[in-house]
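**Q** Here it is: the structure, laid out below.
The values are calculated or read from the model by the stated rules, or taken from the named source; none is laboratory data. Source: prediction; values computed, not measured. Using ideal geometry, Cβ is built from the backbone for each residue, glycine included, and neighbour counts are taken over all protein chains shown. Each accessible area value is taken on the protein alone, full model and side chains, heavy atoms only, with ligands, DNA and RNA left out. Shrake-Rupley method; radii C 1.70, N 1.55, O 1.52, S 1.80 Å.
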Amino acid sequence: MPKTAFITGATSGFGAACARRFAQDGWRLILCGRRLERLNTLRDQLATVVPVYAFPLDVRDEGAVNAAVAALPAEFAEVDLLLNNAGLALGLEPAHRCDMQDWETMIDTNIKGLLYCTRALLPGMVARQRGHVINIGSVAGNYPYPGGNVYGGTKAFVKQFSRNLRADLLGTRVRVTNIEPGMAESEFSLVRFKGDDGKAAQVYQNVQPLQPEDIADTVFWVATRPEHVNINRMELMPVCQAFAPFAISREG
Ligand code: NDP
Ligand code: 8X3
């Protein structure tokens, strides 16, 4: 019986790559994101390979998330995998210069949106004694860096929420994983720098970052381990990225 994956943020980057990777293996796909045209293009491409149900969704809208889950067509209703991928960083300013609206958007999307999707789909998984929630965290949730302030905070939340979910779900056979990528080339930096493609391109200049396909391979591997195996967390970076020493100010 083919499995069903529900992928948030499927309109670009990791989400689109994951949709392609799971389609290769015959999974049924539920795809959502805000940009309808992109969603329809992806649906039309993948629907030649596997059944695809795509609909526009802003994960920040709890009512819309619940309505979308309640309205899943029967053949898509038994979700085996929720990939909580939709998310974003906005800005790289120090905290005292940040825009509060940017902070709220990151919290509403990366934390609250992820919670709405998880809460809507978990009861079905628990009732079926089968399912997997894979969250896309980040190295930003593990290590601080200048300008990472609230973005890193949201991803640290995702990491701890993932572990707490495991504690709650013990005995249900529902699996939970937090994937924690480092620098990867997608529209992430374009969004972070609010459409400034020069600044976004600089991030990936003269380096070989992770690609969305690398993340898709990782997610696919995690999702296809034997059912008694739970990968709790997986952190990955491109070889060109590592850790910095502690920063010391000699001026105060
Ligand atoms: P992209 O910007 O390429 O993709 C982000 C996706 O999230 C888009 O499909 C976007 O769709 C969707 N999205 C954003 N806001 C919302 C919303 N309110 N409702 C629904 N969908 C939304 O970036 P990535 O693929 O790189 O990012 C995917 C995830 O990976 C994010 O959670 C990000 O934080 C995380 N990450 C990224 C890393 C990187 O270096 N690229 C590293 C570590 C983690 P649309 O705009 O159509 O709604
Ligand atoms: C994205 C990776 O290092 O830009 O989560 O925060 S980083």
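**Q** So what are the ³J(HN,Hα) numbers for the stretch 228-242, from phi and the Karplus equation (6.51, -1.76, 1.60; θ = phi - 60°), rounded to whole Hz, Gly and Pro as x?
**A** Per-residue couplings from phi come out as 8, 10, 10, 7, 6, 9, 9, 10, 9, 9, x, 4, 6, 10, 8 Hz.
**Q** With each run of n ≥ 4 DSSP H residues scored as -39500 (n - 2.57), what mean residue ellipticity at 222 nm is computed for the chain after dividing by its residue count and rounding to the nearest 500 deg cm²/dmol?
**A** Theoretical 222 nm ellipticity from helices: -12000 deg cm²/dmol.
**Q** Taking every alpha carbon pair in the stretch 93-160, what does the distance histogram look like in 5 angstrom bins from 0, in percent?
**A** 4, 16, 22, 20, 15, 9, 6, 4, 2, 0
**Q** I would also like to ask the following. Would you work out what percent of the accessible area of the chain, with all protein chains in place, is carbon or sulfur (probe 1.4 Å)?
**A** Result for the chain: 53 percent of the exposed heavy-atom area is carbon or sulfur.
**Q** Using a Gaussian network model on the chain with a 10 Å cutoff between Cα atoms, which of Ala23, Ala167, Ala242 fluctuates the most?
**A** Checking each option, the largest mean-square fluctuation is seen for Ala242.
**Q** What does the charge dipole of the stretch 4-236 about its Cα centre add up to, to the nearest 20 debye, if the Cβ of each Lys and Arg holds +1 and the Cβ of each Asp and Glu holds -1?
**A** The dipole magnitude comes to about 540 debye.
**Q** Output the peptides 119-127, 184-192 sorted from most to least packed, where packing is the average of other Cβ atoms within 10 Å over each peptide's residues.
**A** In descending order of packing, they fall as 184-192, 119-127.
**Q** Is the shape of the stretch 1-69 best called rounded, prolate or oblate, per the rule: a/c under 1.5 gives rounded, else a/b larger than b/c gives prolate, else oblate, with a ≥ b ≥ c the square roots of the Cα gyration tensor eigenvalues?
**A** Judged from the Cα gyration tensor, the stretch 1-69 comes out prolate (a/c at least 1.5, a/b above b/c).
**Q** For the chain, compute the number of Lys pairs whose alpha carbons are separated by less than 28 Å, excluding pairs fewer than 8 positions apart on the same chain.
**A** Value for the chain: 9.
**Q** May I pose another question? Which whole-number value in Å² is the accessible area per residue of the chain, probe 1.4 Å?
**A** Per-residue value: 50 Å².
**Q** What's the center-to-center distance, using Cα atoms, between the stretch 19-60 and the stretch 158-210 in Å?
**A** The two parts, judged by their Cα centres, are 20 Å apart.
**Q** What is the spread of the Cα atoms of the chain along each of their three principal axes, largest first, in whole Å?
**A** 63, 40, 36
**Q** While we're on this one: Scan the stretch 52-137 for GluC sites (Glu not before Pro) in coil per DSSP, keeping those whose Cβ has at most 13 other Cβ atoms within 10 Å, and list them by number.
**A** Of the GluC sites (Glu not before Pro), not one in the loops of the stretch 52-137 has a Cβ with at most 13 other Cβ atoms within 10 Å.
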